[in-house]
Each structure stands twice: as structure tokens, then as C-alpha cells.
Amino acid sequence: MGEREAVMNTRLREFLFPTLKPQFFLRVILIALCAYLFFGHVLTPFVCRGKSMEPTYHDGSFNFIWKGKYWFSEPRRQDVVTVRLAGEHVVYLKRVVAFAGETVEFKEGVLFIDGHALQEPYVNGPCNWNLSPRKVEPGQVYIVGDNRSMPMEQHDFGQTSERRIVGAPLW
Amino acid sequence: MKRNRVLAALGILLGLWGLWYFFPTRERQVRRQFKSLAAWASKDGEEGSIASLQVAREARDYFSDPCQWTAESYHLAGNVSINEITQYVFATRTRMDRLSVKFYDLVVDFTPEGQARVTATVRIVGAGKGGDALNETGELRCTLAKEDGRWLLKTVILVQVLKK
């Protein structure tokens, strides 16, 4: 066995079976802390439950919430965002369609913002939703899911505080 | 000598765990109550009518009589008696095959009068006997008061997170 090979073997053994020195524990704590901060506050993994965002996001699909998305910018129309409830363990995944002061209306499945039909290429399937015009209140955004083939009564959508937006899906 | 020290450290740890477990703080008592409420409200598999009724009658372990309910999204507001809650729970359990109730993100604080204020996300998933699926998520704001050693729900508000 060559000297180089012996060194490699030692390194491999040290990697697989590390000596329990204080440096090792410090490294483990640092890695755990970084993972907690990164995956807890920057890029949080989540599993999509429900069909309200079909066909863009499927029931059971995996993704990350990118929480830095709106640190320096505001949500734009047709952005998909995550909206918190009491906390961030369960969030709504919806699309922003209107902002404060705008009027939202559904006519035979077509979404109208301030009287103009919004082009929504992400919506598939038949839709017959009808919703009388309503104005989005100050500090609120209007969010809707992409799946408009489900009955309107079973679909959670509406205006919510923009402060509830916690990020956007990574892809 | 070294062995004695290890045993002493273990004894201290066990004592601390015992204090933590058997003498919970008010906040932990409230959190435990919600955990117990979730387990009580959930149902997994077949359950006879008598068993459903027995479970439903345990509503008084969780709700004050009367309990004030508000759900703006459903245009509901008013006081509900413990008998009405029992009937509702019984009807729901007989109609559902499977029911899972979970609470997330509990934030507990206390008023100067000693009542607990809790904000939480509730997620209810289930399947009815006719095959219909139930999938509801909402934000709750509740008030609990300690009655006869138990934290009971006095008010329950279903927050309207999305307003159509």
C-alpha cells in the first residue's frame, strides 16, 4: 500500500468514524444551526395539499417557500404566493390577481379587473364562476387558485392582508 | 467516584424532567388541552353509535357551557350550549368514516384576569360515509378559562383570512 493510499484511508476513516472531540461537536452544532436558519427562515420545504392550484401545482407535489422573494420588492399581478394563517406551518398557495383599490369580478368564469378581462393562460378546464364586483380594500391583495373547474363555493379565495404573504414557491 | 457523579447527574436530569412533566406551566397545560382536543375530535375507522355518543358526551371536558362561537365566513355568531355541541359532535361522528383534526402554530398568552388567549391554525381532513371528502383549513382565535381544574373553551372565533 502506497503512502498516498494510506493517507486517504485515514482521512476516510476519520470522516466516517470521527473522534468525538469538542471541534466535532462544535461543527455538528454549527451545521444544525445553519440548516435550521436556512430551511426554517429562508427556503422552507413544503408539500402541496389540495387541488386548488391545479394544473400549475399538483396535490402531493414538493417545493420550497422562497421567503426572500418579497424582502425588497412587492408582489406583482399573477405571482404565485404563499399566505400564512396563524403561523407558517400551514399556508395557502394562491395567485395574486388584484391589488388595493381595484375591482374584482367573475363573469361566466372570466376574471375581470376594473372591468377588463384578465388573460390567464394558467387556467385550464371549464369555469362558470360568477361573482359580483367588489373592491379590494387598502392593505389587501386579492388571491385566487388556478383550478377554476371546481365549484366556487369549495374554492378558498378572496382578499387578504398583504402582510400575510410570506414568500413564493421556488419553482 | 466517577460512577457516582454520572448517577447523580442522571438523577438530577430525571428530577428536572419529572418537574417539567408533572408540574406543567399554564401555557403547557393549555397546549396539552389542544392536543387532547385534537385526539378527541379525530376518528379513525368504524365506530358504533353508542361509542360515538360516549365520545360526544366528553365535549364538556373541552367546552364551557355556553361557548360563544363566531364564524364570519359562514355568517354564524352566538352562544352554543354544551348539549348542542354534544349533538353536533355526535352527528358529525356518525356521518364521517374518518376524521383528522390537527392544530398548528399555537400561540398562547394570558389576560390579566387569568384567561388564556390562543391563536392557532386548524386543519380538518376527513371522509364521509358517502365517499365525500372534507378538507378544511382555518385560523382560530380562542379564549379559555380554567374551570374545575380544566382549561375550557369559552369563545371560538374562526378568522376570515380570505374574504370573497
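The values are calculated or read from the model by the stated rules, or taken from the named source; none is laboratory data. Note that the coordinates shown come from a computational prediction; the quantities given were computed from them, not determined experimentally. All Cβ positions, glycine included, derive from the backbone under ideal geometry; neighbour counts span all protein chains shown.
The number of residues in region B:124-145 being of a type in the set (Lys, Arg) and either at positive phi or at pLDDT 95 or above (or both) comes to 1. Counting only strands (runs of 3 or more DSSP E) that sit completely within region A:128-171, those holding 2 or more residues that are among the β-branched types (Val, Ile, Thr) correspond to A:140-144, A:165-169.
Could you list, in sequence order, all residues of region B:129-156 that are within 14 Å of another protein chain (Cβ to nearest Cβ) and in a strand (DSSP E or B)? Within region B:129-156, B:Ala133, B:Leu134, B:Asn135, B:Glu136, B:Thr137, B:Gly138, B:Glu139, B:Leu140, B:Arg141, B:Cys142, B:Val156 qualify.
Evaluated against (1) buried (at least 16 other Cβ atoms within 10 Å of the Cβ); (2) under 19 Å from B:Ser36 (Cα atoms); (3) more than 14 Å from every other protein chain (Cβ to nearest Cβ), B:Val80 falls short on exactly one condition, (2). Kindly indicate whether A:Thr82 is surrounded by 12 or more Cβ atoms within 10 Å (Cβ to Cβ), within 28 Å of B:Ala120 (Cβ to Cβ) and not small (Gly, Ala, Ser). Yes: the conditions hold for A:Thr82. Applying the set (1) at pLDDT 85 or above; (2) loosely packed, with under 10 Cβ neighbours inside 10 Å; (3) over 17 Å from the mean Cα position of the chain (by Cα) to A:Phe24 leaves exactly one unmet item: (2). Scoring B:Phe90 on the criteria (1) in contact (Cβ under 8 Å) with a residue 12 or more places away in the chain; (2) farther than 24 Å from B:Asp44 by Cα; (3) outside any strand (DSSP E or B) leaves a single failure, condition (2).
If you go through region B:100-123 and pick out every residue that is free of Cβ contacts under 8 Å to residues at least 40 places away in the same chain and part of a strand (DSSP E or B), you end up with 9.
On the stretch given as region B:91-127, residues that are out of contact with any Gly (no Cβ under 9 Å at 6 or more places or on another chain), within 14 Å of chain A (Cβ to nearest Cβ) and of a type outside the set (A, V, I, L, M, F, W, C) total 4. Consider region A:99-126 and keep the residues that are of a type in the set (A, V, I, L, M, F, W, C) and assigned to a loop (DSSP other than H, G, I, E, B). The one that is surrounded by the most Cβ atoms within 10 Å (Cβ to Cβ) is A:Val123.
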